[in-house]
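Here the structure comes first, spelled out in structure tokens, and everything after it is commentary.
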Amino acid sequence: QYFDKVSPIPFRANGTSQCIYADEEGRPKKEHVDFKLWVNPPFDIYLQGDVAFNPKGVILGANKEQFWLALRPKEIDSFYSGRWDDTENGFASASAGILLEALGVIKLTEPNEWKIAVGQKFTVLARCRKSLIIKSFIIYNCDLTIRRINYFDPNGELTASAEIGDYKWVSDNFSIPRHIKIIGRMGDNFELTLKVGSVRGMQFNEKQKE
């Protein structure tokens, strides 16, 4: 019922972000990134971030089959990719799949696997397999917006999370958060905080979709 009235629309946005990662020697590094973002629900997303005069220093992308992350600041050149199911099986690294859900583009599958717990202030909607939680949404009861998403590995260990807030309506039935903090907890920790600025709805032509 929390997602029945949500109708994601295609949109583009820009803003600023902070990226924290480990260099090749494991030392923590911090980059401030200006980004541009395009989202075409239900699967397509592309984020391009400017790092140290490299306009494609950070790239997150996804289509129907897979998603990927490329980091190219001067201290590190890394590429990660995975299929959609990997968001529940250990792929973190601030993946495009996690960002897409943090922006409110969510498809609930396997309805028999979901359980709900309603509290005074928050509701927890969790996807479970056997006795383990593999994903959970923390929903603020006052406005029914998602404030946190947690992702777990098959052993129940937290692998990634998204902290979400400061929503802005972009249509009658869809709002997006202007603050998103994504944390990957696999191997070298990775953290990406986005402050979304201007947002506008748009329709993508075939060339843009490619």
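Brief remarks follow.
- Here the Karplus relation 6.51 cos²θ - 1.76 cosθ + 1.60, evaluated at θ = phi - 60°, turns the backbone of region 32-44 into coupling constants of 9, 10, 8, 10, 10, 9, 10, 10, 10, x, x, 10, 8 Hz, with x for every Gly and Pro.
- Label-point separation, Lys115 to Glu65 (7 Å along Cα→Cβ), nm: 3.7
- Distance in nm between pseudo-label sites at Ser171 and Lys130 (7 Å out along the Cβ direction from Cα): 4.1
- Pairs from Lys30/Lys121; Lys121/Lys181; Lys130/Lys181; Lys115/Lys181; Lys36/Lys115; Lys29/Lys107 whose Cα-Cα separation, in the structure shown, is over 32 Å: Lys30/Lys121; Lys36/Lys115; Lys29/Lys107
Read the figures in this text as sums done on the coordinates, not as results from a lab. Note that the structure is a prediction, hence the values are computed from the model and not measured. Virtual Cβ from ideal backbone geometry, glycine too; neighbours counted across all protein chains shown.
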